[in-house]
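Read through the structure below, which is laid out as structure tokens, and then see the notes.
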Amino acid sequence: MDITKHLFLNLSIFIILLFFCLIFFDNIKKFTLSKSSLSILCIACVWLCIQFSYNPVPSARYDLRIIPLVLGALYIGIGPILTVAIIVIRGFYGFDLGFVQTAALYAPMGVIFWRLYPWFLRQVPGRRIFITVCIGVILGVVTVIGMSFENTHTFWLDAWFAFLFIPSLGIGIISYGIEFVRRNNEMQQELIKAEKLKAVEQMGAAISHEIRNPLTAASGFVQLLQDDYLSRHKRKEYLSIVKEELISAERVIQDYLTFAKPSLDALEELNVKSELRQIINILLPLANQNSVEIITDFSVIGFIEGDGQKFRQCFVNVIKNAIEAMPNGGYLTITTEFSKNYVTISVNDTGIGMTNEQLERLGEPFYSTKGKNGTGLGMMVVYSIARAMDGTVWAESEIGVGTTFHFKFPTIPMILKSELN
Ligand code: ADP
Ligand code: MG
């Protein structure tokens with residue numbers, strides 16, 4: 001049972017390696033292998049097989065090279081490369097009978113695999129697994145027949161069992177794994193696409209509805225304005241209504257555009273403190289109007305990476321909401337803290353607060369409790385910008401007490417250092 005034992009050990013090493021590869025690729029989603037790196041991986045596997053082969057006599061090497069060959073040739077289409085690699089690598093271990101047999105078996109296989117590859121890809125997954133296993137069995141049979149030309153003192157039942165069973169088992173397991181991962185990935189992509197389409201559909205319907213209202217109102221007043229006998233006072237009033245309606249339509253479009261394009265255009269180093277000061281300056285008139293006092297408690301330093309304009313948009317939305325939640329005045333406290341890895345920004349208000357149900361719906365498109373004065377897009381924009389900047393957002397709220405929004409962004413260590421020096 002020497003060959004069987006040896007090949008089983010090799011197979012288990014293969015499967016353990018495969019398992020770690022799966023974990024690695026599952027965790028590092030962004031990492032994709034090119035065809036050339038996959039080829040190098042297959043050639044390395046071939047080399048490992050030949051290096052750790054079972055050799056009862058010096059001229060014979062029995063191993064699982066069939067596995068990387070069949071899978072690489074059929075799934076990646078590098079059959080000729082792999083057969084050349086097998087022959088060359090085998091050459092390093094001596095030009096003996098085993099080498100001649102290897103060359104005689106694998107040289108034609110290179111051509112056969114090359115012809116099979118396009119046909120193989122067109123098959124359904126189940127049949128692909130079946131084909132790879134069958135080819136594994138055929139190559140196993142040919143290998144044992146080749147063995148009979150050598151006097152290796154092997155126990156033939158052992159050799160037949162080992163080469164009929166183990167490579168095809170390995171090929172079956174790995175090709176099943178490949179098909180499984182492929183199917184999973186395809187399903188995930190389809191899901192993402194379906195979600196996106198649904199969101200775009202919903203947004204389209206809601207956007208047209210949201211814009212149509214102010215536009216209808218505006219056009220109605222424009223019609224009234226055509227009346228030649230309209231008093232100066234009335235004309236002025238209608239014009240201001242038209243202007244207001246148009247501004248509200250524009251606001252919807254502006255919010256939507258910021259959402260629709262969440263990717264960051266210009267990455268820059270942002271000084272959180274000065275950015276927030278700027279935003280507060282913009283919103284100060286609104287705060288004064290609502291008798292809201294703004295209190296700030298900023299950490300000395302804090303740099304993050306992002307698009308300045310989007311960052312400002314994000315916090316204008318949050319702070320505006322906070323001010324709007326305090327129609328009878330109150331305190332708006334903005335705090336920043338920094339640690340080695342993160343900058344945390346908190347925006348607290350003493351406003352009306354939210355129920356749990358409201359908190360859960362936060363960020364949902366067109367969810368607003370402000371009726372005509374709200375677009376229900378502000379928070380959605382906030383979430384999408386924070387996500388694009390690798391940040392996280394969470395909110396706490398209590399009815400009648402107030403709301404706090406917490407933001408956490410990764411810091412830039414380089415800047416941190418130069419500031420401290
Ligand atoms: P809009 O401000 O146009 O209504 P947003 O997406 O900005 O839309 O906010 C959605 C809803 O979330 C608001 O209508 C409001 O009910 C709630 N909300 C957001 N921020 C606060 C806050 N600081 N306090 C209380 N409610 C808030
Ligand atoms: Mg808002």
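The values are calculated or read from the model by the stated rules, or taken from the named source; none is laboratory data. Everything numeric here is computed off the predicted structure, so don't read it as measured data. Methodologically, a virtual Cβ is constructed for each residue, glycine included, from the backbone with ideal geometry; neighbour enumeration extends over all protein chains shown. With ligands, DNA and RNA removed, areas are computed over all heavy atoms of the protein, side chains included. Shrake-Rupley method; radii C 1.70, N 1.55, O 1.52, S 1.80 Å.
If R₀ is 35 angstrom, what is the calculated FRET efficiency for the pair LEU224 and ILE282, using the beta carbon separation as r and rounding to 0.05? Computed FRET efficiency for LEU224 and ILE282 comes out at 0.50.
With a simple spin-label model that places each label point 7 Å from the Cα along the Cα-to-Cβ direction, the separation between GLU360 and SER291 comes to 3.6 nm. About the centre of its Cα atoms, the chain shows a dipole size close to 1060 debye [charges on the beta carbon of Lys, Arg (+1) and Asp, Glu (-1) only; nearest 20 debye]. Database remark: amide H of VAL292 closer than 5 angstrom to the amide H of GLY330 (H placed geometrically; neighbours at sequence offset of 5 or more, or on other chains; Pro and chain starts carry no H). Spread over its residues, the convex hull of the C-alpha atoms of the stretch 2-192 is 107 Å³ per residue. Over the chain, accessible surface divided per residue gives 57 Å², non-protein components excluded, 1.4 Å probe.
In the structure shown, do any of LYS340/LYS408; LYS310/LYS372; LYS243/LYS372 have a Cα-Cα gap over 21 Å, and if so which? With Cα atoms farther than 21 Å apart: LYS310/LYS372.
Each helix, a run of at least 4 DSSP H residues, gives -39500 (n - 2.57); summed and divided by the residues of the chain, these come to -22000 deg cm²/dmol at 222 nm. Think of each Lys and Arg Cβ as +1 and each Asp and Glu Cβ as -1; about the Cα centre, that makes the dipole of the stretch 2-192 roughly 520 debye. Temperature 37 °C, viscosity 0.692 mPa s: under these conditions the Stokes-Einstein estimate for the chain, based on its Kirkwood radius over C-alpha pairs, is 119 µm² per second. The accessible surface of the stretch 1-125, taken with every protein chain in place and a 1.4 Å probe, is 76 percent carbon and sulfur. With Cα atoms as the point set, the radius of gyration and Dmax of the stretch 49-89 evaluate to 11.2, 34 Å.
With 0.36 nm allotted per residue and the present C-alpha distance subtracted, the ILE211-SER274 stretch has 19.2 nm of extension available.
As an equivalent ellipsoid, the stretch 268-420 spans semi-axes of 26, 17, 14 angstrom, where each value is the square root of five times an eigenvalue of the C-alpha gyration tensor, largest first. A DSSP coil position with no more than 12 other Cβ atoms inside 10 Å describes the following chymotrypsin sites (Phe, Trp or Tyr not before Pro) in the stretch 31-105: PHE31, PHE95. Computed from backbone phi with θ = phi - 60° and the Karplus coefficients 6.51, -1.76 and 1.60, the 3J(HN,Hα) list for the stretch 170-187 is x, 4, x, 4, 5, 5, 5, x, 4, 5, 4, 5, 4, 5, 4, 4, 4, 5 Hz; x is used for glycine and proline. Per-residue extension of 0.36 nm, minus the Cα-Cα distance of ALA388 and LYS370, leaves a gain of 3.8 nm for this segment. Considering all C-alpha pairs of the stretch 271-360, those separated by over 23 Å amount to 25%.
Compactness ratio for the stretch 208-350: Cα radius of gyration over 2.2 N^0.38 Å (N = residue count) comes to 1.38. A simple packing score, the average count of other Cβ atoms within 10 Å per residue, orders the peptides 169-176, 367-374 as 169-176, 367-374, with the highest score first. Across the accessible surface of the stretch 268-420, with the other protein chains kept in place and a 1.4 Å probe, carbon and sulfur atoms take up 49 percent. Multiplying the residue separation of PHE19 and GLN309 by 0.36 nm and removing their Cα-Cα distance gives an extension gain of 99.9 nm.
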